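Single-structure report; data block below.
The values are calculated or read from the model by the stated rules, or taken from the named source; none is laboratory data. Bear in mind that the values here come from a model prediction, so they are computed numbers and not experimental data. Here the Cβ is made from the backbone with ideal geometry for all residues, glycine too, and neighbour counts use every protein chain on show.
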Amino acid sequence: MEAPPVTMMPVTGGTINMMEYLLQGSVLDHSLESLIHRLRGLCDNMEPETFLDHEMVFLLKGQQASPFVLRARRSMDRAGAPWHLRYLGQPEMGDKNRHALVRNCVDIATSENLTDFLMEMGFRMDHEFVAKGHLFRKGIMKIMVYKVFRILVPGNTDSTEALSLSYLVELSVVAPAGQDVVSDDMKNFAEQLKPLVHLEKIDPKRLM
Amino acid sequence: MSGVRAVRISIESACEKQVHEVGLDGTETYLPPLSMSQNLARLAQRIDFSQGSGSEEEEAAGTEGDAQDWPGAGSSADQDDEEGVVKFQPSLWPWDSVRNNLRSALTEMCVLYDVLSIVRDKKFMTLDPVSQDALPPKQNPQTLQLISKKKSLAGAAQILLKGAERLTKSVTENQENKLQRDFNSELLRLRQHWKLRKVGDKILGDLSYRSAGSLFPHHGTFEVIKNTDLDLDKKIPEDYCPLDVQIPSDLEGSAYIKVSIQKQAPDIGDLGTVNLFKRPLPKSKPGSPHWQTKLEAAQNVLLCKEIFAQLSREAVQIKSQIPHIVVKNQIISQPFPNLQLSISLCHSSNDKKSQKSTTEKQCPEDHLYVLEHNLHLLIREFHKQTLSSIMMPHPASAPFGHKRMRLSGPQAFDKNEINSLQSSEGLLEKIIKQAKHIFLRSRAAATIDSLASRIEDPQIQAHWSNINDVYESSVKVLITSQGYEQICKSIQLQLNIGVEQIRVVHRDGRVITLSYQEQELQDFLLSQFVMDLKVAARLWFSFLVTNVKTFQKVMFYKITNGVIFVDHSKKFSGIKWKVETLFIKWSCLCLHLALVYYDFFQMFPKEVSRNFDLKCLQINYKYKEEITSKGVLFLKTIIRKCLFSTLKLFTL
């Protein structure tokens, strides 16, 4: 029996199989301030944190129809921070009661020559973008409010233009597999943001 | 009309001519009738020019008199006044009066015209209206307006006053009847202190430290309920509050962490039964409502639980030389041999049953409040660390974690480097170190105090520094002799009391490390006492003995600085005072030394043998309990030895 295609096997990043629980929503630009205010009140008491990241998505086209996707992300405003390589599996089609999108997740911190390495391995860059926004945390939940910028000249992160007049809001938790109580906590938190932004489970396959 | 003869009527004007004169023969001479012009003149004369001005001249000229009559009449009136001036002039022109009147009218008109033209220029004459009093008919509309305004203003003022009165009434009502606050205002007050959220139709709150960085899995939610068991007929009780909080059942009551150091219990089977004493609840602020105290107490219980959970987890996981024992709600460890540190979580619920059962055997002095406070501080430090910005991921998609830990992969840290990153000391280790230090410090203080109370000469002084570290304290010890403080400055010791050892820094630069044993410190300090004596003794060389008086059994030696009175003593009866034969100074010195040593070492009857390095005075002695003749021998040997050594010193 030939080896099963790479994309169908669950990719494990070590000993523990980590899953990412995700809820997404969006707000228009003019509502950003009120959303930030509300998040500052609800989330842990810290100084507000902003980020500016550059993400590149690499594909490895194998014999199968669906290519293998890896995401390489680097921080543009913090020098010395390692690059971050991420693999996100297919969303688990579980019961409808699960409130958040659950998918397998592998996170690796790498050095700066990641892109060369991936190129050597055979990956090709599919697209890239710049994300700029705010970062909050509440316990183990991470809330990101950011704007996606399209890079006009490939490789040059200075020439960017905003993709839309809105901000993307993501509520995510990385936890070991099997802890469904996490999704209940996420739902409760999302309820508190209700009138400002509606966070819900968005299946990426349906958007294609 | 027929039949009637027309009668001829002849009409004649009765123009009978005026008779001018009747002649003697009866003939009448008639005046000729007036001609047309004469008639006109006569009529013109009848115009009264002054009638328009309202003069009251009679129309005397209205008579059909002659034109001559007029001037004649006028002149006849003034005839008396103007004699011969005006003569009757019948031949006056009949239009004369008219002409005169017209001329006066013209004059008047000219004058008026002149005046008006001058006034028009406004240079030399102006017209001013004459101020007149307000005419009565014009005053009526103004007063009417005033009165109507007053009335309307009064009406508006009335409405405003009514409203203000209502407001003041409600404010005073609020202040008087605080008990009748409603649920919403109380909820607002609650919201100012605690995080609340509405879930369905319930109001839940969060009293855990999770938003402050804690990772304890307790949910810490409390529920806010409306207090509706109010009987309106009865009197409202003093502490009535329309709002009530329901805290989780395991957080009820009050709790604290008890840290105590005891001598090791000989029987280890007694564990698990911690003697609690019901510590009185911390006084809440006088104005705070009852839900505030309830919630604060529950939060404190939660924090104590977290501290104890963290400590017990570390006690089980971390390997140490002497394993820690965790039993029920107590953690026991051994910082020093023969010493036991016990940390226990004392959680007392508010039931009346348990209040009766707590017998206060354990004395509260055993409890180290400082360490309990430090435990609270340490756990809060730990909380703050999870919230610090070094834990936030950059790039944003990375997981939470310490910044340097994420670098350990790309930069290939080895195990040692990773271990150095993680804080190696947990809560338990830190507390044990602090407890060790506190114990060592208190014991050092006790040693110094006991020495000070037992030994009168020389004296020991200890100056403790106020500002210390959790792991280190320092004290400066001075050993002086009375009367020689200025000179005996050489014995100054700086003791740095650490966690497990005491480091002594001598004035001359020597550094000695003592272990935690109590005896070592005592011995060392005693040796320092002797050093001081040596220094004091050396000074004797410089003192001159002025005279020596010897009485029968009492002797005293007078020296420059004072008198040393040597009392009669049985002990020294056996010694022969060979004062005259020996060098006086030396023997005095030796004697004094001997006396002091004797007194000094008398305090330590149990010491068997001591070796003191005194550099110039080497004394090996054996001190025994019987102090009769053997004491004399001892003194003899001492004196001999002193003599030899002082000789040496003197020559040097």
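General observations
- Region A:96-208 holds strands (runs of 3 or more DSSP E) entirely within its bounds, and those carrying 1 or more residues that are among the aromatic types (Phe, Trp, Tyr) map to A:124-138, A:141-151, A:166-176.
- Residue selection: B:Asn496 satisfies the criterion of being modelled with pLDDT of 65 or more, part of a strand (DSSP E or B), closer than 30 Å to B:Gln334 by Cα and of a type outside the set (A, V, I, L, M, F, W, C).
- Some residue of region B:450-465 being surrounded by fewer than 17 Cβ atoms within 10 Å (Cβ to Cβ), among the aliphatic types (A, V, I, L, M) and within 13 Å of chain A (Cβ to nearest Cβ): no
- In region A:117-148, the qualifying residues are those that are without any contact (Cβ under 8 Å) to a residue 40 or more places away in the chain and either touching a Pro at 6+ places or on another chain (Cβ under 9 Å) or away from every other protein chain (no Cβ under 14 Å) (or both), and the one that is surrounded by the fewest Cβ atoms within 10 Å (Cβ to Cβ) is A:Glu120.
- Selection status of A:Gly62, over 14 Å from the mean Cα position of the chain (by Cα) and more than 14 Å from every other protein chain (Cβ to nearest Cβ): yes
- Of the criteria (1) away from chain A (no Cβ under 14 Å); (2) more than 29 Å from the chain's Cα centre (by Cα); (3) under 20 Å from A:Asp44 (Cβ atoms), which one B:Arg197 fails: (1)
- Residue, surrounded by the most Cβ atoms within 10 Å (Cβ to Cβ), within region B:392-415, restricted to residues that are among the hydrophobic types (A, V, I, L, M, F, W, C) and under 20 Å from A:Asn45 (Cβ atoms): B:Ala396
- The test for being in contact with a strand residue (DSSP E or B) (Cβ under 9 Å, 6 or more places away or on another chain), within 14 Å of chain B (Cβ to nearest Cβ), surrounded by 13 or more Cβ atoms within 10 Å (Cβ to Cβ) and not acidic (Asp, Glu) holds for A:Arg74.
- For B:Lys285, the conditions (1) modelled with pLDDT of 60 or more; (2) not in a loop (DSSP other than H, G, I, E, B) are fulfilled apart from (2).
- Candidate set from region B:379-413 (those that are more than 7 Å from chain A (Cβ to nearest Cβ) and hydroxyl-bearing (Ser, Thr, Tyr)); member that is farthest from A:Ser75 (Cα to Cα): B:Thr386
- Where helices (runs of 4 or more DSSP H) fall wholly inside region B:321-436, the ranges with 3 or more residues that are among the charged types (D, E, K, R) and either modelled with pLDDT under 85 or over 30 Å from A:Ala81 (Cβ atoms) (or both) are B:352-357.
- Matching residues, region B:281-319, being without any contact (Cβ under 8 Å) to a residue 24 or more places away in the chain and over 33 Å from the mean Cα position of the chain (by Cα): B:Ser312, B:Arg313, B:Val316, B:Gln317, B:Lys319
- Top-ranked residue of region A:174-204 - restricted to ones that are under 16 Å from A:Glu92 (Cβ atoms) and of a type in the set (Gly, Ala, Ser), ranked as surrounded by the most Cβ atoms within 10 Å (Cβ to Cβ): A:Ser183
- Summed over region A:77-90, the residues that are under 30 Å from A:Val181 (Cβ atoms), touching a helix residue (DSSP H, G or I) at 6+ places or on another chain (Cβ under 9 Å) and surrounded by fewer than 18 Cβ atoms within 10 Å (Cβ to Cβ) give a count of 1.
- Subset of region B:466-476 (residues that are closer than 19 Å to B:Gln528 by Cβ and either surrounded by fewer than 16 Cβ atoms within 10 Å (Cβ to Cβ) or over 43 Å from the mean Cα position of the chain (by Cα) (or both)): B:Lys476
- The residue pairs whose first member lies in region A:29-53 and is closer than 22 Å to A:Val148 by Cβ, whose second member is exposed (fewer than 12 other Cβ atoms within 10 Å of the Cβ), and whose beta carbons are closer than 6 Å, counting only pairs six or more residues apart or on different chains, are A:Asp29/A:Leu165.
- Considering region B:210-230, and only residues there that are more than 16 Å from A:Leu42 (Cβ to Cβ) and among the hydroxyl-bearing types (Ser, Thr, Tyr), the residue that is farthest from the other protein chains (Cβ to nearest Cβ) turns out to be B:Thr228.
- Selection status of A:Leu165, touching a helix residue (DSSP H, G or I) at 6+ places or on another chain (Cβ under 6 Å) and either basic (Lys, Arg) or surrounded by 15 or more Cβ atoms within 10 Å (Cβ to Cβ) (or both): no
- Residue selection: A:Arg73 satisfies the criterion of being closer than 20 Å to B:Met392 by Cα and in contact (Cβ under 8 Å) with a residue 12 or more places away in the chain.
- Among (1) at the interface with chain B (Cβ under 10 Å from one of its Cβ atoms); (2) crowded, with 16+ Cβ neighbours inside 10 Å - the single one A:Glu112 does not satisfy: (2)
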